[in-house]
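Input: a single structure, listed below in structure tokens.
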Amino acid sequence: MRRKDREMPETFAWKVAGKCEWATLGLMDPSGEPYAIPVSIACEDRHIYFHSAQSGFKIECLRNHAQVCVSCVGDTHRLADAFTTEFESAVLRGIAVEVTDRQEKIHALRLLCQRHTPTNMDHFDEAISHSLFRTAVWRIDIAEITGKRKKFDADGKEMKFGRME
């Protein structure tokens, strides 16, 4: 990380990953070219889960090269009186593994639904009975996570290296 003065602790990075609306999954395609795609994620322990169709280009990439990078953006705020943006971000690196165990797959889908559609959980079991067979679930086992933030305090001074409110 070039701007070490904006580096945040690992716990901060996990909070950003846990609240981002969506993340960008960075992959390598079968020809060795980079490929990135947005995904909805849910975090648990040192894992990230996401769901997918069972086939397609993303799946082809994951099966060809399991090492991935996930980029998450949390809260942002563009300053009206300066050419800058307050932000918080997390970058996670790890190995993607297709979840084939039925119970883990349902657990991961429950985490995803609780996070992204919590008001619809009354219909979760019905949805699982209709779509589990056609839904793929992937788990990323995180090897490295970093967090970064640019934020100003009430006096307009940037809060450096892990300084909280």
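The values are calculated or read from the model by the stated rules, or taken from the named source; none is laboratory data. A quick note: this is a predicted structure, and the numbers were derived from the prediction, not measured. In this analysis, Cβ positions are derived from the backbone assuming ideal geometry, glycine residues included, and neighbour counts consider all displayed protein chains. Quick note on the areas: whole protein, heavy atoms, side chains included, nothing else; ligands and nucleic acids left out. Shrake-Rupley method; radii C 1.70, N 1.55, O 1.52, S 1.80 Å.
Table for the structure above
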| item | result |
| --- | --- |
| Portion, in percent, of the accessible area of the chain that falls on carbon or sulfur, probe 1.4 Å | 51 |
| Cβ-defined net charge surrounding ASP141, 15 Å radius [Lys, Arg +1; Asp, Glu -1] | -3 |
| No Cys partner within the rule (Cβ under 4.7 Å), the chain | CYS43, CYS61, CYS69, CYS113 |
| Listed candidates (1) 10, 33, 37, 18, 1; (2) 10, 34, 31, 18, 7, 0; (3) 7, 21, 23, 17, 10, 8, 9, 4, 0 - label of the one calculated as P(r) over Cα pairs in 10 Å bins from 0, in percent | (2) |
| Magnitude of the charge dipole, region 48-156, Cβ model with Lys/Arg +1 and Asp/Glu -1, debye to 20 | 320 |
| Cα-based shape type of region 93-165, given that a ≥ b ≥ c are square roots of the gyration tensor eigenvalues and the cut on a/c is 1.5 | oblate |
| Where chymotrypsin sites (Phe, Trp or Tyr not before Pro) in DSSP loops with at most 12 other Cβ within 10 Å are excluded, longest remaining stretch of the chain | 1-82 |
| Residue-level accessible surface for SER31, protein heavy atoms, 1.4 Å, Å² | 90 |
| Fraction of beta bridges assigned by DSSP in the chain that are antiparallel (%, nearest 5) | 100 |
| Exposed trypsin sites (Lys or Arg not before Pro) absent - longest run of the chain, DSSP non-H/G/I/E/B, at most 14 other C-beta within 10 Å | 47-156 |
| Span-rule helices in the chain, defined as complete DSSP H runs reaching 15 Å or more along the axis (Cα) with Kyte mean at least -1.0 | 102-116 |
